[in-house]
Every structure is written in structure tokens, then in C-alpha cells.
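Asker: Handing you a structure now.
The values are calculated or read from the model by the stated rules, or taken from the named source; none is laboratory data. Computed from a predicted structure; not experimentally measured. Every residue, glycine as well, gets a Cβ built from its backbone with ideal geometry; the counts of neighbours run over all protein chains shown.
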Amino acid sequence: MSQNLNLLRQKYCHPATLSGKKTHYLFPLEKECEEGKALLAKAPETLLHLQELDPYGLQQTYRDDVTGAELPVFAVFDLEGDHHLTWEITTDSVPITSKPKSLPAYVPFQKTQTSVMKMNERRMNAERAVTRVSFILGIFPALIYLFAHMTAISGAAVPYLLVGGWLVSALLAYLLGLSVLDWLLPWKKLVISAEFNGILPKEVREKARAAREHFDNLYLIVDQQHRWKSALLPDPRPRALDPLLIGELKRGRCRKFILIHQFDLTEAEQYLADEFAVKPDGDFAADPTDGLM
């Protein structure tokens, strides 16, 4: 079991009882009539005895021994999304999720950006030096032009020509300097990716299917320490995944994140045996909502 995930559960999860959807067995046709509406108003609500996750627990990082980059400890996968996720961090931008308050938005890529800025420290210092030198050297072409055409230029136009020539020369020198820097000292960026490679056990899949009725989104939190893939990072360490299954509840502008289950992934062969094995007559599948009550 992952020590990071165990500590996340211990420090950032606390017991919570939530009201799920009301229990009823009415067809859509029945729900629209007056008797059906009256019954729905009196129907008991499902109580879910689970644990609430503080999403700020995801803002943990570790430092890579080779590059010194500060990387997130956890990665978050949407159960309805892609199994392969890629993020690009530069000195000017960090990954932004399409849902600002969702669980993936708490992954601390801003701290990784600080490490990327340190990787580009020489480039940033060199660019500041190019800026200063460009403004200093820009005055000389303007002065040379003025002295060469002094007799043909009226005195009132001298300041405007001097300032305009200085700015144009400085801009040209600055652009030339940037071109040289892009060749000798290009900007560095960090592109990292995470991959969820596994199969949910049968009982976990049943819990997730039942949880769809109570939660707006379902996520998997994975311990990603030393498992990020990147051209700048060492090869990821192999590790068995034991992710956390998290449900997201939207309450107006607020969101709650509920720990539903922690599990070990299963092999595809074992999943096929569990899912499609022939059962003796009289055996029935378990109620998928049993694990949520």
C-alpha cells in the first residue's frame, strides 16, 4: 500500500454523513402525477456514512533528486476521462483545468513552475543583460546619423530624431540579442505526464457505478511520486497502484470530496475470471449500492 496515500487518508480525511438521493421505485410516468409528487416528498433520503477529503491534502510535493524539480506527489484522474494525462509547465504558464474548483485543480503545479524558473535562471539573467545593453548601444546609431546630417536637420527636429532613432536602434539590437539567446541559451520547459494503467476490481466497479447516482463526478487519486514521465526526469519507478476512489458533490458554489474506497488494481486475466465466470444456478449478483450505505 502507498504510504503517501495512507497519510493522505489519516491527515486529510474525516468522518462525514451525507444525504444521498431519495429512495423510490417510481417510473418517470408516475413521478409526474400528483400522487407521485406527494410520495417523492415523503420518500426517505439515503444516508451515506463515508469520509470527507480535504482537497488541500493534494498540495504536497517532493523534490526530484536529479533535476531538483519540485513535483506533485499525487495525480488525479477523472473516471470518465483519459488514462494518459500530459501537462506543460513554462516560466509563463501552468496547466489550468477546465473546472477551476474540481479535484484536479488542487494539484500544485504552481510550485513546479518555481522549479522551471530556476532552470531558466541563466536565460532570464542573460535576457535582462541584453535589455540593458540594447538601450545603451541604441543611442550610438542615432548620434551617428545626427552628426552626419547635422546641416540638413533643423534644430527643433533634433530631439525627436534623437529619441526616435534611439528607440528604433535599441529595439533592433534587442531583437538581435534575443535571436542569439534563442540559439545559444533556449528556454527550458517541463513536460510531464501520468498514466493510469490498470483494471478496477469487480467490486470497485460496482461501487463506482452505484456512486454515479449520488455524486457529480468520480476521480481516482494515485501516488505519483517518482512515477512522472518526462524527457528531463529519470525513468519512472515501477509501482503497483492502490488508488483512492473519490466522489465529488456540488452544492451551489461549494464542492465536497468524499472518499469512497481504496483498492489495489487487478490483472486483466483475474478481472475476466471474476467478471465472466459461470455462476451456479441460484447465485445472484450483489446489490451495487451495498458498499455505499
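Asker: Filter the stretch 68-88 down to the residues that are over 11 Å from the mean Cα position of the chain (by Cα) and crowded, with 16+ Cβ neighbours inside 10 Å and list them by number. Steps first, please.
Answerer: Filtering the stretch 68-88 down to residues over 11 Å from the mean Cα position of the chain (by Cα) leaves 68-71, 73, 79-84.
Within the stretch 68-88, Ala69, Glu70, Leu71, Val73, Leu79 qualify.
Asker: Considering only residues that are at pLDDT below 85 and not in a strand (DSSP E or B), look in the stretch 1-20 and name the one that is surrounded by the fewest Cβ atoms within 10 Å (Cβ to Cβ).
Answerer: Step one: of the stretch 1-20, the residues at pLDDT below 85 are 1-2, 16-20.
With the extra rule that they be not in a strand (DSSP E or B), the set shrinks to 1-2.
Values: Met1: 10, Ser2: 21.
By that ranking, first place goes to Met1.
Asker: Only residues that are under 16 Å from Leu259 (Cβ atoms) and out of contact with any strand residue (DSSP E or B) (no Cβ under 7 Å at 6 or more places or on another chain): list them for the stretch 53-64, please.
Answerer: Just the residues of the stretch 53-64 that are under 16 Å from Leu259 (Cβ atoms), to begin with: 53-58.
The answer is Asp54, Tyr56, Gly57.
Asker: May I ask you to list the residues in the stretch 215-258 that are in a strand (DSSP E or B) and over 14 Å from Leu79 (Cβ atoms)?
Answerer: If we filter the stretch 215-258 for residues that are in a strand (DSSP E or B), which is where we start, we get 217-223, 229, 244-251, 254-258.
If the condition is that a residue be in a strand (DSSP E or B) and over 14 Å from Leu79 (Cβ atoms), then Asp223, Lys229, Leu249, Lys250, Arg251, Cys254, Arg255, Lys256 are the ones that fit.
Asker: Given the conditions (1) surrounded by fewer than 13 Cβ atoms within 10 Å (Cβ to Cβ); (2) over 22 Å from Arg227 (Cβ atoms), report the number of the one that Phe135 does not fulfil.
Answerer: Among (1) surrounded by fewer than 13 Cβ atoms within 10 Å (Cβ to Cβ); (2) over 22 Å from Arg227 (Cβ atoms), the lone unmet condition for Phe135 is (1).
The rows are residues; the columns are (1) surrounded by 11 or more Cβ atoms within 10 Å (Cβ to Cβ); (2) over 30 Å from Ser115 (Cα atoms); (3) at pLDDT 85 or above.
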position	(1), (2), (3)
His226	yes, no, yes
Lys229	yes, no, yes
Arg237	no, no, no
Pro243	yes, no, yes
Ile258	yes, yes, yes
Leu265	yes, yes, no
Gln270	yes, yes, no
Asp274	yes, yes, no
Lys279	no, yes, no
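Asker: Name the single residue, out of those in the stretch 100-136 being touching a residue at least 40 places away in the same chain (Cβ under 8 Å) and outside any helix (DSSP H, G or I), that is nearest to the chain's Cα centre (by Cα).
Answerer: So the first thing to find is which residues in the stretch 100-136 are touching a residue at least 40 places away in the same chain (Cβ under 8 Å), and the list is 101-104, 106-108, 111-112, 114-116, 118-120, 122-123, 126-127, 130-131, 133-134.
Within this subset, residues satisfying the condition of being outside any helix (DSSP H, G or I) are 101-102, 107-108, 120.
Numbers: Lys101: 11, Ser102: 10, Val107: 5, Pro108: 8, Asn120: 22 Å.
Looking at residues that are touching a residue at least 40 places away in the same chain (Cβ under 8 Å) and outside any helix (DSSP H, G or I), I get Val107.
Asker: Separate question: So, in the stretch 65-101, exactly how many residues are in contact with a strand residue (DSSP E or B) (Cβ under 6 Å, 6 or more places away or on another chain) and over 17 Å from Glu195 (Cα atoms)?
Answerer: 3
Asker: Scan the stretch 167-198 for residues that are more than 24 Å from Phe109 (Cα to Cα) and modelled with pLDDT of 85 or more and jot them down.
Answerer: Leu175, Leu176, Gly177, Leu178, Ser179, Val180, Leu181, Asp182, Trp183, Leu184, Leu185
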